[in-house]
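S.K.: Would you mind keeping the following structure in view while I ask a few things?
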Amino acid sequence: MSDTHLPLKIQIPNQGWKQFLTARDEMLAAYDKARVLSGKRAVQTGHGIVAEAEFRKWLINFLPKRYGVTSGYIISQGLPNSDHIFHYDVIIYDQLESPVLWVDENPDSSLSGRSMAIPVEYVQGVIEVKSALKKRNVEKAVEQLAHLKPLMAFTEPSNQPSKLYLPKNFFCATVFFELRKEDEMDFAALDALVEASTLRGFYGGYVLRVDTLDKYYSGKISLIMQDEDLKSPNKSLFFWATSKSKKVSEGLYLKTQLNHSESYFSEFAFDIIALLKGTYHPNVLSSFYGMGTTQWEAGHAADIRYFNPDDVKRYEEETEKFFGTKQSGTNSC
C-alpha cells in the first residue's frame, strides 16, 4: 500500500466549521438565560452585563495567550489627573509586556469580570458590547469609543521613550448580541454607527444573531467607500442594508453596510487576530479556519435563499406564462 499522499489544498467547507460555531451558541445561551431572568426585574440590564462577560470569556479562550482581555480603563501619562477616566467593555492588551496599574475588585464578579487599568501603549483593541442592534445602543457605543479620540490623535515612533498614545495597529469595534424583529426597520442604527467611521482603526461591527434567519447566520457591519453620495435602497436589516453617506472629503463618502452569513462568526474571530497582528485587510479573508455554510455543504456554490418568497413565486408564475412551461431549479424558502 502506497504512503504517497496528494498535496493538501484549502477545503470549503473545512473541518470543524460547525464545531467552531458552538462558542457563539454558548454565548447566546447564557445571554438568553440572563434576558429571561432580567425580564422579572424593574431595571432590565442583567442580560447586557452577561453579554459583555460572555464575550470577554470567549476572547480569553480564543485569542493567543499573548493577549489579555479585560474590562476597565486606559491610562495615558499625557492626560491630567483632573480628566475623567472612562470605562470600556472589552480591552485587548499585550499581557506579556504590560503592567496592570490597578484592579477594581468586585466580590460578585469572576476574574474575567474585574476592571483593570492598562497603560495606553499596551492597548491593542477596544470593543464595545451591547445587547441589541438599535439606534439607542449604537449611539451609546459610538459615544464611548469617541472618548478615545485624544489617545488616537497621533502615532508615535517605536523608540519613543514615553508613550502617550494608542499604538499604530490599534483597532476598535462594536458587538451586538442580537438584531430583533422589532428593530428590523431601524436603519438609523447604521446611520449612527457610520459616525464612528473616522475613528482611527475603526473596524465596524458584528451581530451574533438575527431573528428569523437560520440558526447559524450572523451579521457583519463593514465600512464601504464610495465616490458619490448614493441613496440606500434599504428594505430590511434582515436582508442587507447600508447607512446614509458620511462625507469625508471631496469625492469620498463612507457608509456602514450590514450583511448576513453563516461564515461571519469565523471571519470576525480571525479578523480580530489579524487586526492585532497588523495584517488585516478589509477585502481579504484573514483565515479559512471555520469557513463553511449549510449551503456549501449541500453543494450549492451560492446562497439560494430569497429575501421575499412571494416575489419568487410571482416570478415563477409570470415566467411560466411567458414560456408556456413550468420552470424548475428555482429554490425559495
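The values are calculated or read from the model by the stated rules, or taken from the named source; none is laboratory data. If you're wondering where the values come from, they're calculated on a predicted model, not measured in any experiment. With ideal geometry, Cβ positions are generated from the backbone for all residues, glycine too; neighbour counts draw on all protein chains shown.
S.K.: Can you tell me which of Ser236, Ser261, Ser222, Ser232 is of a type in the set (Gly, Ala, Ser), closer than 19 Å to Lys18 by Cα and touching a residue at least 24 places away in the same chain (Cβ under 8 Å)? Steps first, answer last, please.
M.R.: Numbers: Ser236 fails: closer than 19 Å to Lys18 by Cα; Ser222 fails: closer than 19 Å to Lys18 by Cα; Ser232 fails: closer than 19 Å to Lys18 by Cα.
Answer to the selection: Ser261.
S.K.: Given the conditions (1) over 22 Å from Ile272 (Cα atoms); (2) among the hydrophobic types (A, V, I, L, M, F, W, C); (3) assigned by TED's automatic domain parsing to the domain that holds Ala298, and given that Val69 satisfies all but one, which numbered condition is not satisfied?
M.R.: (1)
S.K.: Related question: Quickly run through the stretch 236-254 and pick out the residues that are farther than 13 Å from Ala189 by Cβ and part of a strand (DSSP E or B).
M.R.: Trp240, Lys246, Lys247, Val248, Ser249, Leu252, Tyr253, Leu254
S.K.: Only one of Ile85, Ile75, Ile127, Ile118 is within 26 Å of Ser218 (Cβ to Cβ), modelled with pLDDT of 95 or more and among the hydrophobic types (A, V, I, L, M, F, W, C). Can you tell me which?
M.R.: On the way: Ile85 fails: within 26 Å of Ser218 (Cβ to Cβ); Ile75 fails: within 26 Å of Ser218 (Cβ to Cβ); Ile118 fails: within 26 Å of Ser218 (Cβ to Cβ).
Going through Ile85, Ile75, Ile127, Ile118 in turn, the sole match is Ile127.
S.K.: For the stretch 176-205, name all the residues that are among the basic types (Lys, Arg) and farther than 21 Å from Phe154 by Cα.
M.R.: The initial filter retains those residues of the stretch 176-205 that are among the basic types (Lys, Arg), namely 180-181, 200.
Selection gives Arg180, Lys181.
S.K.: Name the single residue that is modelled with the lowest pLDDT among those in the stretch 33-48 being among the hydrophobic types (A, V, I, L, M, F, W, C) and surrounded by fewer than 17 Cβ atoms within 10 Å (Cβ to Cβ).
M.R.: Narrowing the stretch 33-48 to residues among the hydrophobic types (A, V, I, L, M, F, W, C): 34, 36-37, 42-43.
With the extra rule that they be surrounded by fewer than 17 Cβ atoms within 10 Å (Cβ to Cβ), the set shrinks to 36-37, 42-43.
Working: Val36: 88, Leu37: 86, Ala42: 45, Val43: 40.
Per the stated criteria, the residue is Val43.
S.K.: Let me ask you something else. Any residue at all in the stretch 285-292 that is at pLDDT below 95 and either in contact with an Asp or Glu (Cβ under 6 Å, 6 or more places away or on another chain) or surrounded by fewer than 13 Cβ atoms within 10 Å (Cβ to Cβ) (or both)?
M.R.: Scanning the stretch 285-292 turns up no residue that is at pLDDT below 95 and either in contact with an Asp or Glu (Cβ under 6 Å, 6 or more places away or on another chain) or surrounded by fewer than 13 Cβ atoms within 10 Å (Cβ to Cβ) (or both).
S.K.: For the subset of the stretch 198-218 comprising residues that are closer than 16 Å to Lys135 by Cα and not hydrophobic (A, V, I, L, M, F, W, C), which member is surrounded by the fewest Cβ atoms within 10 Å (Cβ to Cβ)?
M.R.: So the residue we want is Gly204.
S.K.: Could you list, in sequence order, all residues of the stretch 131-186 that are exposed (fewer than 15 other Cβ atoms within 10 Å of the Cβ) and of a type in the set (Phe, Trp, Tyr)?
M.R.: Residue satisfying the conditions is Phe154 alone.
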